[in-house]
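Take a look at the structure set out below.
The values are calculated or read from the model by the stated rules, or taken from the named source; none is laboratory data. The structure displayed is predicted, hence computed values, not measured ones. Methodologically, a virtual Cβ is constructed for each residue, glycine included, from the backbone with ideal geometry; neighbour enumeration extends over all protein chains shown. Keep in mind that these areas ignore ligands, DNA and RNA; they rest on the heavy atoms of the full protein, side chains included. Shrake-Rupley method; radii C 1.70, N 1.55, O 1.52, S 1.80 Å.
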Amino acid sequence: MKCITKLGSRKITVRKLLEKYKPDYGGYKQVLFERAWKKFSLNPDYENIVIETEKYQCKDIMKISCSLHDKENPVTIVEAADGFFDYSDRSDAEKEVWYLNFADKLLFGFYDSDMFGQDEIQTLEHPALAAVRKWLDSKKYKGYEALTITDRQPTPFLVRNVPWWINVNNHDYPIYGWKFGDACQKENYPLLDQAVTVRQSDQLNNIIAMAAPACGKGTYTESQISEALSAAMAGFGGAVENSRRYGKRTVIHSGRWGAGAFGGNEELLLAVQIIAARISGVDHLVLHAVNEECLENAMKLVAQIEETEIQKAINIVQHIHSKKYMWGLSDGN
C-alpha cells in the first residue's frame, strides 16, 4: 500500500533470541516459562527458524487518497468469532494468518507484570515476544525503538514466526485481568496449573502489535479517529505487504482492540478496523468476542462510507467524527 512506510526490519533466529535475551517474567509466569523452556529449548529447528520483525507507519494520513472502492483489492470478508484467540487458524500455502496484539505504546512493555489483559496473555503464550522486547531494548536501534507510538505517530510492529508454547484457558478459569495477579499465590498454583499449561507441541504464529488511542474523555476528536485509522492501516497494510510478498492471501484475527483497558468506543474501533482492512486489501478479518450490536452498527457505518464513494482519508475521518462517538471507561485490566 503506497501510503505506508516500513521504518525498518530486524531478524534473529529463535535459538539466539531465546538464549541471549531470555525474558524475565518473575513469579508464577516465570514458573510457566521455565517449564516451557525445558520442553522446547532443545528443538533443533530453532537453529534455522528466523523471527522477523518489521515496523510500519502510515504518515500524514489526513493528506492521503484512499477509498473503499479500490478495484485492485478484494472486498474483505468480515466474520465474528466467539471467545479469545485459540490460534487454530494457521498459515498454509495459500494464506498468511496474523493475530493482533492489543499493544500499549511500549511494545510488550508489561509482559513481566501481574496484569493479564490481552497483551500480557499473548506474551506469556509466546515467550519469544517478551524476548523481542528485551532484544530491542538492549540494542537501542535508532529509529527502531520498541514503541508502537513514536513521536505521537502510530508505528505498529509485525513479528513473524513466533513459537506458541503455552495455553491459557480464560474461558473455564477466572484469571483474566487483575484476577490473575490475585490468583498468583503459591497456594493457588494447583488451580493455575489447570488454567495455564505448556503445549504438547509448538506452533509458529504471526503477530501484529498496534496500540489504539487510549483513555480519552467525552466525544472523539478528529485527531483521535485519525490516530486509530493510521495505526490500523499501518498494521494491516504491513501484514498485506508481507503476505503478498509470498503470494498469499491475508487473514487477520482481531477483536475489541482498544475497547478494554483503554476505554475506547467498541463500535467506532470496529468500524475503523474494517475500513482499514478494506483499504489495505485484507482478504479476511475475523473479529473475536465482539458485541453483536456494535459490529452490526459498525458494518452499517462502513456501508454508509462506501455509498458516498469517499476518496480521501480526511473525509472518512470527518464522516466518522460527525457521528459523535463517545469515549467509554477503562475496564481496569
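For segment 68-163, the carbon plus sulfur part of the accessible surface works out to 48%, probe radius 1.4 Å.
The Rg/Rh ratio for segment 207-333 is 0.95, where Rg is the radius of gyration of the alpha carbons and Rh is the Kirkwood radius. A straight line joining the Cα centroids of segment 1-75 and segment 253-291 runs 20 Å. Accessible area ranking (1.4 Å probe, heavy atoms, ligands and nucleic acids excluded), largest first, for Trp37, Trp257, Trp178: Trp178, Trp37, Trp257. Once the chain from Ser322 to Asn291 is taken as fully extended at 0.36 nm per residue, the excess over their C-alpha distance is 8.9 nm.
Can you send over the solvent-accessible area of Ser138, 1.4 Å probe, protein chains only, in Å² to the nearest 10? Answer for Ser138: close to 70 Å² accessible. Taking 21 Å as the limit for the C-alpha separation, the pairs Lys59/Lys140; Lys139/Lys248; Lys6/Lys140 exceed it in the case of Lys59/Lys140; Lys139/Lys248. Within a straight-line Cα-Cα reach of under 19 Å, Lys55 can be paired with the following aspartates and glutamates, leaving aside sequence neighbours fewer than 8 residues apart in one chain: Glu96, Asp104, Asp119, Asp137, Glu145, Asp151, Glu227, Glu241. Only alpha carbons enter this Debye calculation for segment 25-73, each as an equal point scatterer, and the log10 of I(q)/I(0) it gives at q = 0.17, 0.18, 0.24 Å⁻¹ is -0.74, -0.77, -1.04. Expressed to the nearest 5 percent, the antiparallel share of DSSP beta bridges inside the chain is 55 percent. Please report the spacing between the Cα centers of segment 215-241 and segment 96-110 in Å, no decimals. Segment 215-241 and segment 96-110 have Cα centres spaced 15 Å from each other. Averaged per residue, segment 55-202 has 48 square angstrom of accessible surface, using a 1.4 angstrom probe with ligands and nucleic acids left out.
Taking Rg/Rh (Cα atoms, Kirkwood Rh) straight from the coordinates, which label in [x] 1.04; [y] 1.12; [z] 0.96 is the correct one? Read-out taken from this structure: [z].
Placing +1 on each Lys and Arg Cβ and -1 on each Asp and Glu Cβ, with no other charges, gives the chain a dipole about its Cα centre of roughly 1360 debye. Determine the shape class of segment 72-180: with a ≥ b ≥ c the square roots of the Cα gyration tensor eigenvalues, call it rounded for a/c under 1.5, and otherwise prolate if a/b is greater than b/c, oblate otherwise. Oblate shape, in that a/c is at least 1.5 and b/c is the bigger or equal ratio. What angle, in degrees between 0 and 90 and rounded to the nearest 10, separates the Cα long axis of helix 127-139 from the longest principal axis of the Cα atoms of the chain? It works out to around 80 degrees.
Going by a ≥ b ≥ c, the root eigenvalues of the Cα gyration tensor, does segment 112-227 fall in the rounded group (a/c under 1.5), the prolate group (a/b larger than b/c) or the oblate group? Oblate.
Rounded, prolate or oblate: which fits segment 166-247, taking a ≥ b ≥ c as square roots of the Cα gyration tensor eigenvalues, rounded meaning a/c under 1.5, else prolate when a/b beats b/c? Because a/c hits 1.5 or more and a/b fails to exceed b/c, segment 166-247 counts as oblate. Ordered from largest to smallest accessible area (heavy atoms of protein chains, 1.4 Å probe), the residues Arg133, Arg249 come out as Arg249, Arg133. The order of Phe85, Phe180 by accessible area, most exposed first and with a 1.4 Å probe, is Phe85, Phe180.
Considering only protein heavy atoms and a probe of 1.4 Å, how much of the accessible area of segment 227-333 is carbon and sulfur, as a whole percent? Heavy-atom surface of segment 227-333 belonging to carbon and sulfur, 1.4 Å probe: 49 percent.
Taking a quarter of the surface of the Cα convex hull of segment 261-305 gives a mean projected area of 3.4 nm². Taking 7 Å steps out from each Cα toward its Cβ at Asp172 and Lys140 produces label points 4.8 nm apart.
The three principal axes of the Cα atoms in segment 258-333 give end-to-end lengths of 39, 28, 20 Å, sorted in falling order.
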